[in-house]
Amino acid sequence: MRPEHWLFTIPLRLRSLFRWAQADQELDDELRDHLERKTEEYVAQGMTQEEARRSARLDLGGIEQTKEKCRDARRVNWIQDSAQDVRYGLRMLRRSPGFTAVAVLTLSIGIGANTAVFTVVSGVLLRPMPFPEPDRLFLVSLVPRVGPFGWEPGVSDRDYLAFRGQDQVFERTATFTRGDRANLTDAGDPVQIPVSYVTTDFFATLRSHPAIGREFFAGEDQPGRDNIAVISNNLWQERFGSDPQIVGKPIRLDGVARTVIGIMPVGFALPEVKVWMPLAVQIGHNSFIRPVVGRLKPGVSPQQAHVALETFADGLPLGPGEDKSDRWPQIIPLKDLFVANIRRSLLVFAGAVAFVLLIACVNVANLFLARAAGRGHEIAVRCTLGANRWRLVRQLLTESILLSLAGGTAGMLLAFWGVPALTALAPVGTVPRTEMIRIDGWVLAFTAGLSILTGILFGLAPAFRATRHSTREALSSAGRTLTRSHEGIRGALTISEIALALILLTGAGLMLKSFLRLRSVDPGFSTQRLITLTVDLPDSNYRAAAQLQAFHTRTMAELSRLPGVLAAALVNYLPLAEELTRGDFQVEGGLRPKGFIVDKPCVSSGYFRTMEIHLLRGREFTERDTATAPAVVVVSQSVAQTLWPGEDPIGKRISMEDDPGPGDWLTVIGVADDVKQKGLAEKSDPAIYQSYLQITHPFLLSHMTFVVKTASPSENVAAGMRSILREIDKDQPVSITSMDSLLATTTAEPRFQARLLMTFALVALVLTIVGVYGVLAYSVAQRTQEIGVRIALGAQSADVLQMLLRKALVLISMGIILGGAGALSLTRVLANFLFEVKPGDPETFAAVVVALVLSALAASYVPARRATRVDPMIALRYE
């Protein structure tokens, strides 16, 4: 075709595309005119009117066939065909409302669950950080992933200053703190809020600036100029009523007045805090390790930055007792600071709901096969009228896609409810970046694409299967027996459905067993009828240890006198709480094993009795163990066994000082049972307890938890505890909780994981039961005549029942074999989530198999039982 001819045909094609009805009418008129002229020519040659018309039609080759050729020449025939397919598909789905409702409901469950989980995954893992060019922001880390204190990316102050001085790959770097909290007063009720200390170039590094006011300037981290703060938009709204005049006014944090210089925009949360204050990094006796964020220079890749950091780390001098393994250079995307701990869980959940969707697709594919078997005559007639196989496959696929789009629409409605439910059920603080979780255009596009893909997935096999027979076979009287050939593929689909359900049920069973074992762990203390009150005393008002001790002594005495209180004690770092102090120590006359470190809580007299921690030897602290009395400690059982195996630890001496003098030694007066300090899933830490009255370091006394054992309902006692705290120090935020609640918090995440995975597994089990029932019911319907013959020839009901259940058992057994192999390999991804349970746990696998077999047999029994009641005369008459 010449270029000018091709260009000439474009307007015609566009006209046919958008005005196809008018184009078809013009085509009809043109063909009718051509037929009439040809007829007149043949009449003029002596033919009769009827012969002339017949000859004209023969010359034309058939009106409809000629129309199709003309449409094909316009190359827009597919649009009309598609519109026709959609109209016909909608009409067929309306004709079978029961089939349509079941299929849409099944698909909506699978697509809705996937949409809900994808919404969370998209918000947490896929959305970029809310900063300009977030892909250029990276964390710099020089700490090893192994160590006694857990791992978090960071750099020591000394190394940070050295790196910043010679850095050539980052535009800017900044360091900040995580986990700090401060008491906000004079802004409503006292409240403790998360805060962060940041270097002055922190906001410039992120290229995020206050919406109102300004950020920190250079030099504002120095004493005398550092009493300033930038607050979050949330705090501005919650505590200051969105008053723009707050800029330039002071707020009180830990008793210190700090002038507000800026308010950050909505959505800024790095780290997830409400107030930022300037931080001066200095090299002193202690070198803190903090996260460091940097923005790469244009043209510098993360790999180049990593090489530069490795070179820097290799050039650092080693300190006493250090080696190169103590510094592990890493360049980590900034987002990983927030999502690294949740990524694996979300991917596991995404995989679980994908299994649910696959099972739903198998169910709907089985429904389509059953429906296609009854449409053999219709398909054969359409073939006779000229439809080719691809045209029929496309028609059937259009029906399946329409069905899946309807299921996707219903699934989206389920997701609107499911997403808030997921985030609400998740333990507080487990899911980061919740402000980014929302249903938007990307989620809608995902659901639409998933719906279309699902329609193709479950519709393709039935479509090809339904159109594979010849027209003669389909139209013959024996054509009805061809529907039995569908049983093979339906059986294969059922086997895959059982296998998928087995894998999902096994994973859920492992998580459930792990959670039950975790919940049954003995923490080493009692949680019943215990209420805790936690305070954080600011050093602006409580500078000396004596002031702190006086506050604690008075508060504990007042709490002890409350009605319904049986005992009261205190501890600075409560078991199962987030705070913890650990470190090394010295042993008199002996050597401490290398790497052996202990927890260092300080407690009051009566602490072990109040917490019901068993005292194995010696005594606990008394009120006489004050600063003027000999310094004493109580050690845990693991400390005694490690330091003095086979010996009596009472009377042994240890010291918390690096170079102890004569007055720095502490005498062991008792041995207590080990407790779970960090969590139920963690091993019991060795611990050395000191009396809070003998502690001289204020920082060990500023954070304290009072533990109260009650005999009356906790609500009454909690109100009294709140009143006492307000009377002693009205600026102290009230933080009261029960030990049962704290224990539940430690198991909240595994409980949520087990519950969610079990929900998905139960949905998969229900879909599988429905699928097994459908396959056997379909088989019974197709074999009605055969069953009638068997019964007429003397077969008993038990024989028919056994025959059909044997068929079901074959499918179930094959599904369990395939599913078992898949479960043994895929459940390994759960290894990091399990507690005292192996991924290949035989008890869990056996329980799941038994439950699945019994459920499938129960589903098979109903249609099998119905088959035993077939009337032979009616069945033999059926043809």
| Do you know which residues across segment 194-223 are farther than 16 Å from Gln282 by Cβ and among the aliphatic types (A, V, I, L, M)? | Val195, Ala204, Leu206, Ala211, Ile212
| query | In segment 685-694, how many are at pLDDT 90 or above and farther than 16 Å from Ala569 by Cα? | reply | 3
| query | For Thr696, are the conditions met, namely being touching a residue at least 40 places away in the same chain (Cβ under 8 Å) and assigned to a loop (DSSP other than H, G, I, E, B)? | reply | yes
| If you check Phe551 against the conditions, is it in contact with a Leu (Cβ under 8 Å, 6 or more places away or on another chain) and of a type in the set (Phe, Trp, Tyr)? | yes
| message | Cβ-Cβ distance below 9 Å, separation of 6 or more or different chains: which pairs start in segment 620-639 with a residue that is in contact (Cβ under 8 Å) with a residue 24 or more places away in the chain and end on one that is of a type in the set (Asp, Glu) and surrounded by fewer than 18 Cβ atoms within 10 Å (Cβ to Cβ)? | response | Ala631/Asp664; Ser636/Asp673; Gln637/Asp673
| Output for segment 506-521, where each listed residue is open to solvent by 20 Å² or more (accessible area, probe 1.4 Å), over 18 Å from Leu576 (Cβ atoms) and in contact (Cβ under 8 Å) with a residue 40 or more places away in the chain | Leu512, Lys513
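Of the residues Val837, Val800, Val848, which is assigned to a loop (DSSP other than H, G, I, E, B) and in contact with a Ser or Thr (Cβ under 7 Å, 6 or more places away or on another chain)? Before the answer, list the steps.
Details: Val800 fails: assigned to a loop (DSSP other than H, G, I, E, B); Val848 fails: assigned to a loop (DSSP other than H, G, I, E, B).
Selected residue: Val837, the only one of Val837, Val800, Val848 that is assigned to a loop (DSSP other than H, G, I, E, B) and in contact with a Ser or Thr (Cβ under 7 Å, 6 or more places away or on another chain).
Quick check on Ile531: is it over 25 Å from the mean Cα position of the chain (by Cα), of a type in the set (A, V, I, L, M, F, W, C) and surrounded by fewer than 23 Cβ atoms within 10 Å (Cβ to Cβ)? Walk me through it before giving the result.
Details: over 25 Å from the mean Cα position of the chain (by Cα): yes; of a type in the set (A, V, I, L, M, F, W, C): yes; surrounded by fewer than 23 Cβ atoms within 10 Å (Cβ to Cβ): no.
No.
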| query | Regarding Phe138, is this residue outside any loop (DSSP other than H, G, I, E, B), open to solvent by less than 40 Å² (accessible area, probe 1.4 Å), of a type outside the set (Gly, Ala, Ser) and over 30 Å from Gly679 (Cα atoms)? | reply | yes
| said: For segment 225-236, check the following and say yes or no: at least one residue is in contact with a Ser or Thr (Cβ under 8 Å, 6 or more places away or on another chain) and over 24 Å from Tyr542 (Cα atoms). | reply: yes
| request: Scan segment 584-594 and give yes if some residue there is out of contact with any Ser or Thr (no Cβ under 8 Å at 6 or more places or on another chain), open to solvent by less than 30 Å² (accessible area, probe 1.4 Å), of a type in the set (Phe, Trp, Tyr) and closer than 25 Å to Val675 by Cα, otherwise no. | output: no
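Take the residues in segment 645-664 that are assigned to a strand (DSSP E or B) and not β-branched (Val, Ile, Thr); name whichever of them is most open to solvent (accessible area, probe 1.4 Å).
Narrowing segment 645-664 to residues assigned to a strand (DSSP E or B): 653-655.
Then drop every residue that is not not β-branched (Val, Ile, Thr), which leaves 653, 655.
On the way: Arg653: 79, Ser655: 0 Å².
The qualifying residue most open to solvent (accessible area, probe 1.4 Å) is Arg653.
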| query | Within segment 82-103, how many residues turn out to be open to solvent by 30 Å² or more (accessible area, probe 1.4 Å) and either in a loop (DSSP other than H, G, I, E, B) or out of contact with any Lys or Arg (no Cβ under 9 Å at 6 or more places or on another chain) (or both)? | reply | 14
| Which condition number does Tyr607 fail, the rest of (1) in contact (Cβ under 8 Å) with a residue 40 or more places away in the chain; (2) open to solvent by 10 Å² or more (accessible area, probe 1.4 Å); (3) within 29 Å of Ile531 (Cα to Cα) being met? | (2)
| request: Could you list all residues from segment 1-31 that are surrounded by fewer than 11 Cβ atoms within 10 Å (Cβ to Cβ), among the charged types (D, E, K, R) and either modelled with pLDDT of 75 or more or in a helix (DSSP H, G or I) (or both)? | output: Glu4, Asp29
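Check whether at least one residue in segment 143-152 is in contact with a His (Cβ under 7 Å, 6 or more places away or on another chain), in a loop (DSSP other than H, G, I, E, B) and touching a residue at least 40 places away in the same chain (Cβ under 8 Å), and report yes or no.
If we filter segment 143-152 for residues that are in contact with a His (Cβ under 7 Å, 6 or more places away or on another chain), which is where we start, we get none.
Taking every residue of segment 143-152 in turn, none turns out to be in contact with a His (Cβ under 7 Å, 6 or more places away or on another chain), in a loop (DSSP other than H, G, I, E, B) and touching a residue at least 40 places away in the same chain (Cβ under 8 Å).
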| request: Please specify each residue of segment 399-427 satisfying the condition of being over 24 Å from Leu346 (Cα atoms) and either of a type outside the set (Gly, Ala, Ser) or open to solvent by 20 Å² or more (accessible area, probe 1.4 Å) (or both). | output: Glu399, Ile401, Leu402, Leu403, Leu405, Ala406
| remark: Checked pairs for segment 733-758, first over 18 Å from Asn832 (Cβ atoms) and part of a helix (DSSP H, G or I), second among the hydrophobic types (A, V, I, L, M, F, W, C) and at pLDDT below 90, C-beta under 9 Å and 6 or more apart or across chains, list as Met739/Leu576; Leu742/Leu576; Leu742/Ala577; Leu743/Leu576; Leu743/Leu680; Thr745/Val428; Thr745/Leu576; Arg755/Leu425
| Picking from Val260, Val292, Val266, which residue would you name as being more than 29 Å from Val143 (Cβ to Cβ), touching a helix residue (DSSP H, G or I) at 6+ places or on another chain (Cβ under 9 Å) and open to solvent by less than 20 Å² (accessible area, probe 1.4 Å)? | Val260
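Among Ala858, Ala798, Ala851, Ala831, which is the only one that is modelled with pLDDT of 90 or more, surrounded by fewer than 17 Cβ atoms within 10 Å (Cβ to Cβ) and hydrophobic (A, V, I, L, M, F, W, C)? Full working, then the answer.
Details: Ala858 fails: modelled with pLDDT of 90 or more; Ala798 fails: modelled with pLDDT of 90 or more; Ala831 fails: modelled with pLDDT of 90 or more.
So the residue among Ala858, Ala798, Ala851, Ala831 that is modelled with pLDDT of 90 or more, surrounded by fewer than 17 Cβ atoms within 10 Å (Cβ to Cβ) and hydrophobic (A, V, I, L, M, F, W, C) is Ala851.
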| Which one is farthest from Ser108 (Cα to Cα), of the residues in segment 419-460 that are within 13 Å of the chain's Cα centre (by Cα) and outside any helix (DSSP H, G or I)? | Gly429
| field | Subset of segment 428-444 (residues that are out of contact with any helix residue (DSSP H, G or I) (no Cβ under 8 Å at 6 or more places or on another chain) and closer than 17 Å to Ala350 by Cα) | value | none
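Could you please find all residues in segment 257-314 being closer than 25 Å to Ile212 by Cα, of a type outside the set (Asp, Glu) and not in a strand (DSSP E or B)? Lay out the reasoning, then the answer.
Taking segment 257-314 as the starting set, the residues that turn out to be closer than 25 Å to Ile212 by Cα are 257-280, 293-295.
With of a type outside the set (Asp, Glu) added as a condition, the list becomes 257-271, 273-280, 293-295.
Met264, Pro265, Val266, Gly267, Phe268, Ala269, Leu270, Pro271, Val273, Lys274, Leu279, Ala280, listed by residue number.
The values are calculated or read from the model by the stated rules, or taken from the named source; none is laboratory data. Since the structure is predicted, the reported quantities are computational estimates derived from the model, not experimental observations. Cβ coordinates were reconstructed from backbone atoms using ideal geometry, including for glycine residues, and neighbour counts include every protein chain displayed. With ligands, DNA and RNA removed, areas are computed over all heavy atoms of the protein, side chains included. Shrake-Rupley method; radii C 1.70, N 1.55, O 1.52, S 1.80 Å.
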